[in-house]
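The values are calculated or read from the model by the stated rules, or taken from the named source; none is laboratory data. Values in this document were obtained by computation on a predicted structure and should not be read as measured data. Virtual Cβ from ideal backbone geometry, glycine too; neighbours counted across all protein chains shown. Just the protein is used for accessible areas: all its heavy atoms, side chains included, with ligands, DNA and RNA removed. Shrake-Rupley method; radii C 1.70, N 1.55, O 1.52, S 1.80 Å.
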Amino acid sequence: MKRLIAVIKVKGIQFIITTSFTLVTVLVMLFVGVMLYGKFAQTAEQNAYLHTQQILEQVKYNLDSYLNGMTQIFELVDDKIRRSKGLTADKLSEQLETIVETRKDIVSIAVFTRDGTLLATTPSKVLRRNTRLTEQSWFQKAIEDPTNLSFSLPHIQNLFKGEYTWVVSMSREILLHGPDGEIPAVLLVDVNFKEIDDLCQRVGLGKKGYVYIIDLVGNIVYHPQQQLIYAGLKNENRSLPLKHSYGSYVEETQDETRLITIKTIDQLGWKIIGVSYMDEIVTTKNEISRFIFWLLIFVIVIVLFVLHYLSAKISRPIKLLERSMEKVKQGDFSESEPIRGSHEVEQLSLRFHLMVAKVRELMHQIIREQEAKRKSELEVLQAQINPHFLYNTLNSVVRMVGNGKNEDVITTITSLSKLFRISLSRGKNIITVREELEHVHHYLIIQKMRYKQKFEYEIVVEDEDEVLNCLTLKLLLQPIVENAIYHGIEHLADPGRIRIFAALIDGKVLLQVSDNGLGMSPDVLEQVKAGFYKSEEGSGVGIQNVQERIRLTFGEEYGLEIASEQEEGTVVRVWIPCQVAEERDRL
């Protein structure tokens, strides 16, 4: 009888504990759910506001960049005309044609007298009659305000016979050198509006939202439904954007509520207006409320099972718990068997084991974070692009353009484009040996143009079908080749030679870079191998970083081998495993 009463008391106590914890848990979860819903709903609305502002800021930045580029083109044309001896000079015509050919968004360049007489045009076109040229807005703005560059609204270019293109006209008064002194004229550069249209069409604000642009007085510059507006089938309320230059405002109509976000292009005063619909934001709130509701149900059910299980457990013996603590004291954080016993001891043991597990997890987390940090640092180093290399390359291109070496310009720019394409690799760190060799090939083409044929190079591949499809880290060879040029060949009196060799040896990929440059002294070679030598030039991704990246990715058995003799040259061998494209995800 006494035993039965004891069992009943135990069951009653377990029921009370379970019920109490359940009520407390349900109340807490409900409170947390309400708070979470309010916070998430508010955050969702704020994120919608912020997202719209960020999108419009990006559109503003893109348009600013594009218009600044067009302004620079206009100033370049103006400068070429002012420096020229006359509009009919062959060199000027060639320069203007080059500008038009290299910028596909430039429709035409024309110069007119103040009475509307055409003096020159590129490309050569026939002026239409009855164009009322002097009455057009771009012409009048150039005459009325000769010091400022004016941009017109989008319009159909109807000056010349042929194709009718939707353009934005840039115009300003310029001075031409004539036999009797300086003659005022109007310079017109027509830019294809499709570029601006494409920049705006790529923007989306939810399923129904859109972006449009107006000028200072409210004229539509761009609208995704511009044809409907011109046809009178759609009306856009522009009163709110005309009152404000920046900010987000809620506009309520009879049918719907809209969020209007405004940004202003400082250069022209054009206003970019983003239109978002509040019903889409409300839909997001409803989705959050449903998610939180089912999450609460799930958590409460789980908590009920856990509480029932814990209340029915018997605590573990103190001695076993003490032994577990002693093991931890001695530094043994391995998992141990759960201690069974009284409820109090069991709970204490559970908390203790949770603490030990958390400590163990934190220790592993610290190791993972340090490794991830190291990887991130190496990836940052890997992604660096030498600004001096880009600057010198572009300077070389400018000189080649000035010397009329168009084929060299095309070769250099093409190689630079492919170099950057492979360097970016859509964010991938692992590429094929074929892509790595192509990358260093274009790099050598550019450097050979810069150094005026100071060196020759060759790329030799054995077992092409196997080697070229193997995977490697990108930007392994460029730092090595860069060192060969800057430190080995640049200071040679005679032309240098660089040889890149790739082969498959005993299941490993060998990438070898050799040169006949100045080489290194034994002291410098030892510093390079030990990672203590720092170059003042180069890409910033040094030999030591290449070594660390290889070992971090593929293991300690792979890496670099360096041999060098003064006045003889340097040989750098890169060893990596042969892994094909199917193994990319494992790296």
About its Cα centre, what dipole magnitude does the stretch 73-198 give when the only charges are +1 on Lys and Arg Cβ and -1 on Asp and Glu Cβ, stated in debye to the nearest 20?
340
Can you give me the distance in nm between label points at S93 and K161, each placed 7 Å from the Cα along the Cα-to-Cβ direction?
1.9
Roughly how big is the stretch 225-270's charge dipole about its Cα centre, with Cβ charges of +1 (Lys, Arg) and -1 (Asp, Glu), in debye to the nearest 20?
160
Would you tally the net charge around M170, using a Cβ to Cβ cut-off of less than 14 Å, leaving M170 out, and scoring K and R as +1, D and E as -1?
-4
In the stretch 117-220, what GluC sites (Glu not before Pro) fall in a loop by DSSP, with at most 16 other Cβ atoms inside 10 Å?
E163
Need one value: the accessible area of V440 in square angstrom, 1.4 angstrom probe, rounded to the nearest 10.
0
Please state, as a whole number in µm²/s, the translational diffusion coefficient that the Stokes-Einstein equation yields for the stretch 160-298 at 25 °C and 0.890 mPa s, with Rh defined as the Kirkwood radius across alpha carbon pairs.
131
Give K358/K474; K161/K194; K104/K263 a once-over and call out the pairs whose C-alpha atoms are over 26 Å from each other.
K358/K474; K104/K263
How much FRET efficiency would the formula 1/(1 + (r/R0)^6) give for E256 and K405, where r is the Cβ-Cβ distance and R0 is 45 Å, rounded to 0.05?
0.15
Test item: Cα-centred dipole of the stretch 161-299, Lys/Arg +1 and Asp/Glu -1 on Cβ, debye:
520
Report the label-to-label distance for L354 and V580 in nanometres (one decimal), using points 7 Å from each Cα along the Cα→Cβ vector.
5.1
Determine the share of the stretch 153-304's accessible area contributed by carbon and sulfur atoms, expressed in whole percent, with a 1.4 angstrom probe.
55
So how exposed is I366, as accessible area in Å² (1.4 Å probe, rounded to 10)?
100
What list of ³J(HN,Hα) values in whole Hz, one per residue of the stretch 66-79 in order, does the Karplus curve 6.51 cos²θ - 1.76 cosθ + 1.60 (θ = phi - 60°) give from phi, with Gly and Pro shown as x?
5, 5, 5, x, 5, 4, 5, 4, 4, 5, 5, 4, 4, 5
Would you work out the relative contact order for the stretch 205-269, in percent, from Cα pairs under 8 angstrom that are 6 or more residues apart?
22
Going from most exposed to least, what order do R549, R434 have by accessible area with a 1.4 Å probe?
R434, R549
Among the listed pairs K60/K141; K80/K405; K39/K234, give every one whose C-alpha distance is greater than 28 Å.
K39/K234
When only the heavy atoms of the protein chains count and the probe is 1.4 Å, how do E45, E458 rank by accessible area, highest first?
E458, E45
How would E407, E75 line up by accessible area, probe 1.4 Å, largest first?
E407, E75
With all protein chains present, calculate the accessible area of D105 using a 1.4 Å probe and round the result to the nearest 10 Å².
10
